[in-house]
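Visitor: Below is the structure I would like to discuss, written out as structure tokens.
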Amino acid sequence: MGESNGVIVIDDYAHHPTAIKSTLAGLREFYKGRRLVVDFMSHTYSRTAALLKDFASSFIAADEIILHKIYASAREQYDGTINGKDLFNLVNNKNKKKNVHYFEEVLDAREYLSKTLTEGDIFITMGAGDNWRLGRAVLEDRRKL
């Protein structure tokens with residue numbers, strides 16, 4: 001997406017645990033020594049429920065993880081059995097030594113990131129949802145510094 005004031009902002013479509021894990025491992029290898037901040041928005045309730053444990057362990061290469069509500073699909077109805085907080089709780093438990101945060105709405109994380117992203121950081125939005133908007137907002141905010 002771009003770079004501004006020393007922060008590289010990337011958007012990636014990875015929305016399956018295997019793709020998330022391999023993408024983050026590749027970024028970790030390519031950008032050695034840089035802090036990797038990941039914003040993930042899970043897509044579909046059924047996929048999130050079926051792969052919940054796999055999602056929880058897919059962020060191993062990240063230094064910081066931001067999660068949101070589940071991005072719904074037009075082809076399924078919400079039945080109340082899973083939500084973004086469920087994913088957050090499991091990811092948080094699995095990644096005890098990392099900063100894991102939950103913001104229900106994507107742009108609710110904007111202010112937090114404007115205060116915490118620093119020169120040298122890699123910020124990546126991942127998933128098939130609309131959290132790419134947060135990447136654009138981060139670039140916009142950093143250009144004002």
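Bear in mind that the values in this text are calculations on the coordinates, not laboratory data. None of the values given here were measured: they were computed from a predicted structure. Using ideal geometry, Cβ is built from the backbone for each residue, glycine included, and neighbour counts are taken over all protein chains shown.
Visitor: Which entries in 32/53; 32/85; 21/53; 53/97 show an alpha-carbon gap greater than 21 Å? Present the calculation step by step, with values, prior to reporting the outcome.
Guide: Values: 32/53 27 Å; 32/85 31 Å; 21/53 13 Å; 53/97 18 Å.
In this structure, 32/53; 32/85 lie more than 21 Å apart at Cα.
Visitor: Sticking with this structure for a sec: Modelled label-to-label distance, residue 111 and residue 1, 7 Å Cα→beta-carbon offset: nm?
Guide: 1.9
Visitor: Among 142, 28, which comes first, then next, by fewest other beta-carbon atoms within 10 Å?
Guide: On the way: 142 20, 28 17.
Final ranking by Cβ density, sparse to dense: 28, 142.
Visitor: So what is the 222 nm mean residue ellipticity for the chain from helices alone, if each DSSP H run of at least 4 adds -39500 (n - 2.57) and you divide by all residues, rounding to the nearest 500 deg cm²/dmol? Before the final figure, lay out the partial values.
Guide: Working: 6 runs with 55 residues, N = 145.
Computed ellipticity for the chain at 222 nm equals -11000 deg cm²/dmol.
Visitor: Please report the net charge: other residues with Cβ closer than 12 Å to the Cβ of residue 82, K and R +1, D and E -1. Present the calculation step by step, with values, prior to reporting the outcome.
Guide: Working: positive: 47, 69, 85; negative: 76, 79, 86.
Neighbourhood net charge equals 0.
Visitor: By a straight-distance test (C-alpha under 16 Å), which lysines pair with residue 144 as possible cross-link partners, with residues fewer than eight away in the same chain excluded?
Guide: The qualifying lysines are 115.
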